[in-house]
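Heads up: the structure comes next, in structure tokens.
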Amino acid sequence: MLDFGSQYSQLIARRVREAGVYCELIPGTTPWEAIRARAPQALILSGGPSSVYEDGAPRCDPAALEAGVPVLGICYGMQLLAYQLGGKVAPAGKREYGPASVRVRDRARLFHDLPTELPVWMSHGDTILEAPRGFRRLAESENSTIAAMADDAGRYGIAFHPEVIHTPQGRDILRNFLYQVAGCRGTWKPAAFIDEATRAIREQVADGRVLCALSGGVDSAVCATLVHRAIPGQLTCLIVDNGLLRRDERRRVEEVMQRHLGIDLKAVDASDEFLDALQGIIDPEEKRRRIGASFIKVFEREAASLLGTDFLAQGTLYPDVIESTSHDTHNAHRIKTHHNVGGLPADLRFKLVEPLRYLFKDEVRAIGSALGLPEDMVQRQPFPGPGLAVRIIGEVTQERLETLRAADWIVVDEIKAAGLYRSLWQSFAILTPLQSVGVMGDYRTYGNVVAVRAVQSEDGMTADWARLPYEVLAKISSRIVNEVPGVNRVVYDISSKPPSTIEWE
Ligand code: XMP
């Protein structure tokens with residue numbers, strides 16, 4: 001997929017993989033020679049914020065469009081296809097944004113087996129006035145603009161977004177392109193990935209030794225399991241307890257990895273070191289910086305004691321790889337320095353083993369299940385590297401950590417009891433720096449305010465606050481004020497991202 005900067009690019013790639021077809025995202029301006037080296041069976045041109053007729057608008061290498069490889073242009077990608085092949089693109093009289101309906105005239109291939117009226121999601125300011133020579137209209141929108149076009153060389157364009165849920169038949173359209181037009185076979189499955197990754201790890205590591213830092217999250221657990229399976233006996237895992245983990249987290253990781261899978265595991269309790277480093281710090285970015293620095297210090301010390309280790313296994317995922325390689329199409333402003341915590345400096349003496357670097361989160365979960373990891377580990381909600389430190393607003397102290405741990409446990413417990421855990425992206429508690437007045441029995445209290453946050457999200461980039469049932473909220477609130485010493489008030493966070501973020505810091 002050639003990426004022209006749409007906020008939906010990753011989502012398109014995921015949808016393609018959900019259809020069982022491997023898909024990689026590369027900058028839209030990549031020269032054809034470099035694209036050809038990857039031997040693609042089809043090309044998708046993503047949407048993007050530019051207008052094709054503007055100076056400096058990103059274009060694709062014309063050779064890519066003439067190579068005989070099937071092409072699907074989406075929104076900007078369709079306009080680019082039209083423009084670069086000699087059609088006419090102009091600003092639309094009326095900007096089309098949001099739900100719309102298209103009439104399909106020609107159901108061959110792309111709209112195979114689909115109804116002739118399709119609800120779709122539009123988002124564009126330009127429109128195609130004239131399709132390039134050799135193209136025919138496959139569908140049109142209500143105001144008769146071209147909603148889909150194709151030529152006999154297997155080049156297709158659609159003016160709407162098939163990847164979003166507001167285009168209910170979008171998956172079918174993508175699938176038709178992949179299967180009916182491009183002849184893909186849908187062989188991208190967990191089992192195939194595991195075999196291939198196992199082979200690659202064996203080849204890379206040979207008889208070397210590998211170290212892997214476990215965070216308690218899905219990614220590092222799946223990474224370690226995969227490496228362990230490929231080269232049993234050559235992996236040592238390290239779990240650094242930074243004192244900022246949730247209740248019972250370290251024990252659970254130890255149990256699964258050590259007892260269940262038999263992986264050689266070394267646990268290091270460095271909580272005092274981290275807490276010392278955080279003393280008196282209230283600025284969120286400074287907290288992250290100090291936690292990151294402490295992690296590197298502990299890690300280097302421990303790694304030095306494991307002589308003869310040449311490789312470091314890391315659970316880096318594809319979104320991180322995309323973020324660090326597509327800077328020319330992604331100018332997203334860095335709001336928080338997410339990936340510095342638990343990340344290691346590049347000059348460490350290890351060679352990296354990163355078996356998950358082409359996977360999305362949901363694929364990592366599927367592979368974790370296929371590897372036999374327990375569901376409760378595989379389906380864990382994401383947890384930030386700096387842990388509870390960014391959920392304690394203000395200074396992080398042992399006492400405040402205990403308060404938050406107890407409140408957080410109740411939130412997750414009740415969410416699980418209500419059967420909601422898997423449907424939420426994240427659900428957790430925040431310890432605010434506020435004190436408020438309350439009454440318990442006949443006494444006035446002056447205690448902490450705990451906030452509860454539960455969000456739904458597809459990838460953490462945007463999120464909506466979860467409409468939790470009132471009964472669940474009531475139960476959480478009453479349990480927290482009754483069971484957690486020092487807390488006398490609970491509030492529910494009803495902000496979405498944007499403009500808020502998921503975490504409070
Ligand atoms: P925000 O708060 O930016 O969070 O909306 C988006 C997702 O990223 C997680 N997050 C982090 N993960 N280190 C991490 O490893 C961090 O410093 C960090 N900050 C936020 C957050 O939990 C959510 O899933």
*asked:* Just to be sure I understand the filter: pairs with C-beta atoms under 6 Å, separated by 6 or more residues or on different chains, first member in region 258-276 and within 20 Å of Arg288 (Cβ to Cβ), second member in a strand (DSSP E or B). Which pairs pass?
replied: Ala270/Val240; Ser271/Asp241
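Checking the condition surrounded by 15 or more Cβ atoms within 10 Å (Cβ to Cβ) and out of contact with any helix residue (DSSP H, G or I) (no Cβ under 8 Å at 6 or more places or on another chain), which residue from Tyr83, Tyr97 passes?
Details: Tyr97 fails: surrounded by 15 or more Cβ atoms within 10 Å (Cβ to Cβ).
When all the criteria are applied, what remains is Tyr83.
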*(1) open to solvent by 20 Å² or more (accessible area, probe 1.4 Å); (2) within 16 Å of the ligand (Cβ to nearest atom); (3) in contact (Cβ under 8 Å) with a residue 40 or more places away in the chain: which one isn't true of Gln426, the others all being true?*
(1)
*Scan region 22-46 residue by residue and report those that are under 19 Å from the mean Cα position of the chain (by Cα) and open to solvent by less than 20 Å² (accessible area, probe 1.4 Å).*
Cys23, Leu25, Ile26, Ser46
*Within region 53-68, track down each residue that is surrounded by 14 or more Cβ atoms within 10 Å (Cβ to Cβ) and touching a residue at least 60 places away in the same chain (Cβ under 8 Å).*
Pro58, Ala64, Leu65
*Picking from Ser500, Ser477, which residue would you name as being over 28 Å from the mean Cα position of the chain (by Cα), surrounded by 14 or more Cβ atoms within 10 Å (Cβ to Cβ) and among the hydroxyl-bearing types (Ser, Thr, Tyr)?*
Ser477
*asked:* What's the number of the only condition in (1) under 30 Å from the mean Cα position of the chain (by Cα); (2) of a type in the set (A, V, I, L, M, F, W, C); (3) modelled with pLDDT of 95 or more that Ala13 fails to meet?
replied: (3)
_Selection within region 363-392 - surrounded by fewer than 17 Cβ atoms within 10 Å (Cβ to Cβ) and either within 14 Å of the ligand (Cβ to nearest atom) or assigned to a strand (DSSP E or B) (or both)_ = Pro382
_Residues (of a type in the set (S, T, N, Q) and away from the ligand (no atom under 16 Å from the Cβ)) located in region 433-480_ = Gln435, Ser436, Thr445, Asn448, Ser477, Ser478
_For Lys336, only one of the following conditions fails: (1) modelled with pLDDT of 80 or more; (2) within 14 Å of the ligand (Cβ to nearest atom). What is its number?_
(1)
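Out of Leu45, Leu65, which single residue is in contact with a strand residue (DSSP E or B) (Cβ under 9 Å, 6 or more places away or on another chain) and under 16 Å from Gly5 (Cα atoms)?
Details: Leu65 fails: under 16 Å from Gly5 (Cα atoms).
Going through Leu45, Leu65 in turn, just one is in contact with a strand residue (DSSP E or B) (Cβ under 9 Å, 6 or more places away or on another chain) and under 16 Å from Gly5 (Cα atoms): Leu45.
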*asked:* I need every pair where a residue in region 133-146 that is under 16 Å from Lys88 (Cα atoms) has its Cβ under 6 Å from the Cβ of a residue that is of a type in the set (Ser, Thr, Tyr), sequence separation at least 6 or different chains.
replied: Thr145/Thr127
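The values are calculated or read from the model by the stated rules, or taken from the named source; none is laboratory data. As the structure is a computational prediction, the values presented were derived from the model and not from experiment. We place every Cβ from the backbone using ideal geometry, glycine too, and count neighbours over all the protein chains shown. The accessibility values were calculated without ligands, DNA or RNA, using every heavy atom of the protein model including side chains. Shrake-Rupley method; radii C 1.70, N 1.55, O 1.52, S 1.80 Å.
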